[in-house]
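What follows is a set of notes on a single structure, which appears directly below.
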Amino acid sequence: MQAMHLSSLIDSNLVFLQSELNDLHEIYEFMSRQITERYPLSESQEIIIDRLSQRSLDEGILFPTGVAIPHLHLDNFNDTVIAVLVPAKPIETKCGVIKMFVMVMNGTHDNTLYLKILRSLIKMSKDDKFYEKLLSQKSEKDFVELLGTGDFAVKESVTVTDLMELRTVSIKKTDTIKDLGKLYNDYDINYIPVLGNDGKVIGEVVLMDYLMLGFPNYTKFIHTLNFLKSFEPFEKLIKMGSESVESIMRPMGVSITPQTSIYEALWVMNKHGRHEIPIIENGYVLGVITIRNIFRKVVRG
Amino acid sequence: MDTQMILAIVIFVGCYFFIATEKINKIIVALAGAVIYMALGFVPQAKAFAHYIDWNVVFLLIGMMIMVGVIRRTGLFEYVAIFLAKKAKGDPKKILLMLFFITGIFSALLDNVTTVVIITPISILIAVEMGISPLPFVITQAIASNIGGTATLIGDPPNLMIGSAAGISFFGFVENLALFVLFNMIISSIVMYLFFRKKLVVSNERRARIMEFDEKQMITDKGLLIYSLIVFALFLTLLFLQDILGLHAATIALIAATALMLRSKKVNVDDFISEEVEWGTIIFFIGLFIMVGALEEVGVIGLMSGKIMDLTHGNMKATAMSMVWTAGIASAFIDNIPFVATMIPMIKDISASVGVEKVMPLWWALSLGACFGGNGTLIGASANVISAGISKKSNYPISFWTFTKYGAVITVINLITSTAFIAWRYF
């Protein structure tokens with residue numbers, strides 16, 4: 001496929017700036033009505049709104065830059081339609097602030113195009129100056145033209161950083177096991193990279209390692225622990241609270257770089273039996289990808 | 001001595017050095033030595049493969065590894081350990097002695113490393129539950145496995161190699177060594193008891209925890225256990241009848257291994273075999289056999305055995321006495337497998353000149369020295385290294401000297417009794 005520009009995919013009739021709408025449901029309704037009026041979709045508007053509303057914003061719709069990208073695959077539809085809505089004032093939600101909605105509808109024939117659109121939108125929104133300028137546009141035509149001046153080609157390969165929310169929950173090697181437990185409690189995560197004093201990654205811990213701390217090593221060589229009627233492994237875990245994370249972490253295993261494609265990332269995770277993998281550049285952790293991220297943003301999208 | 005012989009010795013000593021110092025993985029060293037000798041034409045490949053590799057030993061090892069792989073999954077050994085701990089009413093002194101003897105018995109029937117891999121974790125657990133240091137248990141069990149393994153043909157790799165090379169059957173080992181090994185177990189248990197008795201004190205509360213264990217839960221597959229026990233009993237019966245049946249030990253082990261694998265159909269056989277058979281060990285043995293074969297081929301072995309005969313003036317008693325101590329001391333510091341592999345063709349060479357019957361004491365001396373010698377230091381036997389490793393991983397590290405101060409005393413006692421035994425029984 002030739003490099004295609006994001007702006008060429010956008011119909012300026014479907015760009016709505018300075019919108020006073022501030023309710024998510026109303027916005028979905030408005031945008032989908034605009035789309036259904038112009039394009040013959042296979043689904044009725046009610047069903048479309050219903051399907052859009054089923055997904056919560058944090059399920060791969062809202063990105064940290066404030067761009068919300070609701071998306072639907074439609075049967076028997078052989079095109080891609082993009083509608084843009086910029087609210088006059090950013091909308092506060094429990095999942096974060098929304099500065100811009102980009103609704104994408106496409107057929108089930110080509111999912112890769114959607115991923116590429118997603119990638120270029122996120123790339124655009126990370127360019128602060130350009131993004132702000134775009135948001136402040138008054139005319140729809142100018143909006144599309146300005147978008148056309150940016151280098152946001154819809155490129156071939158979708159890499160991990162293009163798609164993933166970059167989560168940077170990590171722990172220092174000198175922090176304690178108690179601190180680690182607190183992180184596991186506060187964040188719904190499994191994998192935590194361990195950083196050295198210079199902020200570079202030196203190891204990793206997964207929730208299972210943390211939980212298994214209470215099991216003395218010799219128990220791992222025994223064929224079953226059923227015979228122990230009163231075994232309290234978690235007492236030991238609590239007692240170990242003041243020890244450093246460094247003393248229990250495992251050495252760095254597999255990782256990927258920001259340039260790795262999501263397919264490659266998934267392949268590596270499968271090969272090594274991992275459910276999550278860190279993205280590392282020059283020794284620094286940029287984020288962590290989980291199989292759930294990939295499912296939500298690629299397959300379900 | 002010609003240049004080929006000198007070169008062969010230099011290569012051999014070099015390989016020994018790397019194996020002893022563990023500067024390079026011993027499997028690679030043994031294979032490298034074998035390959036160099038074959039490439040230089042010191043031993044032709046055809047002869048190395050057909051004549052020098054003792055396939056009986058190789059397949060006996062493979063068969064035993066497969067059998068152990070199945071039996072281990074039954075939980076029998078752990079069941080016995082806990083059963084005994086409860087029979088001892090949680091008294092740590094009695095538990096120490098019972099586990100010492102049961103480790104010796106298991107290790108006479110299986111290889112030493114497998115025995116300690118199973119027994120060490122469960123005894124650390126028992127010790128921790130009793131609130132006492134696990135070190136006396138770990139150390140005595142490693143020692144027991146080395147002593148117990150001496151009793152039978154299949155108990156320890158040196159015996160396997162000696163039995164195969166000298167044509168000594170399973171019954172031959174039991175007849176000659178079993179009672180003497182039992183005697184050494186008893187003496188050693190008394191010494192160990194005296195060493196450790198003060199550390200073996202436990203509160204009533206802790207004792208009660210042991211009594212709460214439910215050992216029956218250890219047996220997760222009763223059908224497999226019964227089947228394994230039947231096959232193992234059959235295996236031992238066939239081994240006892242080896243002379244009458246005229247079967248090699250490897251054939252018997254492979255029969256039992258095949259029968260056991262038939263039952264464990266749930267597991268993927270490919271995975272099972274690649275997991276349970278230690279191919280590294282197998283390659284190590286094959287490499288050693290070729291290396292020693294090359295020494296024999298170029299005449300070094302003949303020269304060495306001639307020197308031994310010169311030194312002892314053909315006196316078999318003196319040769320056997322010094323064999324016990326040479327093998328014992330050497331095995332305390334280096335792997336006893338390459339040592340025994342080297343000694344075997346020398347004794348065979350001597351037997352060619354003085355007769356098969358006259359060298360029998362030398363075989364027993366080699367077996368006792370090499371097996372008992374393993375207790376001499378922490379690095380003397382794989383069982384010691386492995387059990388110290390498990391202990392360390394469980395946060396109870398055992399230093400070289402901690403083990404060695406007990407192990408060396410036991411070894412010296414065992415070697416003294418062995419010297420006396422050989423003098424009394426064979427001369």
ask   = Among all residue pairs at least 6 apart or on different chains, which show Cβ distances below 6 Å where the first residue, located in segment B:390-401, is without any contact (Cβ under 8 Å) to a residue 24 or more places away in the chain and closer than 16 Å to B:THR377 by Cβ and the second is open to solvent by less than 70 Å² (accessible area, probe 1.4 Å) and hydrophobic (A, V, I, L, M, F, W, C)?
value = B:PHE400/B:LEU378
request  = Residues being under 26 Å from the mean Cα position of the chain (by Cα), among the hydroxyl-bearing types (Ser, Thr, Tyr) and open to solvent by 50 Å² or more (accessible area, probe 1.4 Å): count how many of those fall in segment A:22-69.
outcome  = 1
ask   = Across segment B:196-205, what is the total count of residues that are open to solvent by 80 Å² or more (accessible area, probe 1.4 Å) and not β-branched (Val, Ile, Thr)?
value = 5
request  = Quickly run through segment B:185-206 and pick out the residues that are within 14 Å of chain A (Cβ to nearest Cβ) and touching a residue at least 24 places away in the same chain (Cβ under 8 Å).
outcome  = B:ARG206
query = Quick one: which of B:PHE18, B:PHE59 is among the aromatic types (Phe, Trp, Tyr) and at pLDDT 95 or above?
reply = B:PHE59
note = The residue from B:LEU99, B:LEU60 that alone is over 20 Å from B:ILE186 (Cα atoms), more than 14 Å from chain A (Cβ to nearest Cβ) and open to solvent by less than 10 Å² (accessible area, probe 1.4 Å) is B:LEU60
inquiry  = I'd like the residue in segment A:205-225 that is within 22 Å of A:GLY181 (Cα to Cα) and within 7 Å of chain B (Cβ to nearest Cβ) and, out of all such residues, is most open to solvent (accessible area, probe 1.4 Å).
reply    = A:ASN217
task = Run B:MET346 past the list (1) part of a loop (DSSP other than H, G, I, E, B); (2) of a type outside the set (D, E, K, R); (3) surrounded by 24 or more Cβ atoms within 10 Å (Cβ to Cβ) and report the number of the one that doesn't hold.
result = (1)
request  = With the checklist (1) within 14 Å of chain B (Cβ to nearest Cβ); (2) surrounded by 15 or more Cβ atoms within 10 Å (Cβ to Cβ); (3) over 30 Å from B:MET211 (Cβ atoms) in hand, flag the one item A:LEU195 doesn't pass.
outcome  = (1)
message = Scan segment A:204-216 and tell me whether some residue there is within 30 Å of B:GLU215 (Cβ to Cβ), modelled with pLDDT of 85 or more and among the β-branched types (Val, Ile, Thr).
response = no
key: Filter result (within 8 Å of another protein chain (Cβ to nearest Cβ) and open to solvent by less than 10 Å² (accessible area, probe 1.4 Å)) within segment B:119-128   = B:THR120, B:PRO121, B:ILE122, B:ILE124, B:LEU125
query = So which pairs qualify, if the first residue must be in segment A:196-216 and touching a residue at least 40 places away in the same chain (Cβ under 8 Å) and on the phi < 0 side of the Ramachandran plot, the second must be assigned to a helix (DSSP H, G or I) and β-branched (Val, Ile, Thr), the Cβ gap must be under 7 Å, and the two must be at least 6 apart or on different chains?
reply = A:VAL205/A:VAL245
query = In segment B:1-23, which residue that is of a type in the set (A, V, I, L, M, F, W, C), surrounded by fewer than 17 Cβ atoms within 10 Å (Cβ to Cβ) and touching a Leu at 6+ places or on another chain (Cβ under 9 Å) is farthest from B:PHE285 (Cα to Cα)?
reply = B:MET1
request  = May I ask you to say which residue of B:GLY246, B:GLY280 is touching a helix residue (DSSP H, G or I) at 6+ places or on another chain (Cβ under 7 Å), surrounded by fewer than 21 Cβ atoms within 10 Å (Cβ to Cβ) and at pLDDT 90 or above?
outcome  = B:GLY280
key: Test for B:SER169: is it closer than 27 Å to B:GLY380 by Cβ, away from every other protein chain (no Cβ under 14 Å) and open to solvent by less than 30 Å² (accessible area, probe 1.4 Å)   = no
Qualifying residues in segment B:361-409 (those that are more than 15 Å from B:ILE329 (Cα to Cα) and not in a helix (DSSP H, G or I)) - the one most open to solvent (accessible area, probe 1.4 Å) = B:ASN395
ask   = Looking at segment A:183-210, which of its residues are part of a helix (DSSP H, G or I), over 18 Å from B:LYS393 (Cβ atoms) and not aromatic (Phe, Trp, Tyr)?
value = A:LEU183, A:ASN185, A:ASP186, A:LEU207
task = Give just the number: which of (1) hydrophobic (A, V, I, L, M, F, W, C); (2) away from every other protein chain (no Cβ under 14 Å); (3) more than 12 Å from the chain's Cα centre (by Cα) does B:ILE386 not satisfy?
result = (2)
remark   = Scanning segment B:29-54 for residues that are open to solvent by less than 60 Å² (accessible area, probe 1.4 Å), of a type in the set (Phe, Trp, Tyr) and under 14 Å from B:ILE286 (Cβ atoms) gives B:TYR37, B:TYR52
key: segment A:238-267, residues that are of a type in the set (A, V, I, L, M) and either within 14 Å of chain B (Cβ to nearest Cβ) or open to solvent by less than 20 Å² (accessible area, probe 1.4 Å) (or both)   = A:MET240, A:VAL245, A:ILE248, A:ILE256, A:ILE262, A:ALA265
ask   = Just wondering, is there one or more residues in segment B:190-210 that are touching an Asp or Glu at 6+ places or on another chain (Cβ under 7 Å), hydroxyl-bearing (Ser, Thr, Tyr) and at pLDDT 95 or above?
value = no
remark   = Screening B:LEU254, B:LEU288, B:LEU303, B:LEU239 for residues that are more than 30 Å from B:VAL35 (Cβ to Cβ) and out of contact with any Lys or Arg (no Cβ under 8 Å at 6 or more places or on another chain) leaves only B:LEU239
task = Working carefully through the options A:GLY273, A:GLY214, find the one that is more than 23 Å from the chain's Cα centre (by Cα) and under 30 Å from B:MET218 (Cα atoms).
result = A:GLY214
request  = Looking at (1) within 14 Å of chain B (Cβ to nearest Cβ); (2) free of Cβ contacts under 8 Å to residues at least 24 places away in the same chain; (3) surrounded by fewer than 17 Cβ atoms within 10 Å (Cβ to Cβ), find the lone condition where A:LEU228 falls short.
outcome  = (3)
Qualifying residues in segment B:215-235 (those that are in contact with a Phe, Trp or Tyr (Cβ under 8 Å, 6 or more places away or on another chain) and either part of a loop (DSSP other than H, G, I, E, B) or open to solvent by 40 Å² or more (accessible area, probe 1.4 Å) (or both)) - the one nearest to the other protein chains (Cβ to nearest Cβ) = B:GLN217
task = Looking only at segment B:63-73, decide whether some residue is outside any loop (DSSP other than H, G, I, E, B), more than 14 Å from chain A (Cβ to nearest Cβ) and under 14 Å from the mean Cα position of the chain (by Cα).
result = yes
key: Condition broken by B:LYS26, with the remaining ones in (1) basic (Lys, Arg); (2) within 12 Å of chain A (Cβ to nearest Cβ); (3) surrounded by 19 or more Cβ atoms within 10 Å (Cβ to Cβ) satisfied   = (2)
task = Enumerate the strands (runs of 3 or more DSSP E) found wholly within segment A:10-124, keeping only those where 3 or more residues are within 26 Å of A:PHE295 (Cβ to Cβ) and β-branched (Val, Ile, Thr).
result = A:80-87
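The values are calculated or read from the model by the stated rules, or taken from the named source; none is laboratory data. Quick caveat: nothing in here was measured; it's all calculated off a predicted structure. Note that each Cβ is placed from the backbone with ideal geometry, even for glycine, and that neighbours are counted across all protein chains shown. Accessible surface is based on the protein model in full, side chains and every heavy atom, while ligands, DNA and RNA are left aside. Shrake-Rupley method; radii C 1.70, N 1.55, O 1.52, S 1.80 Å.
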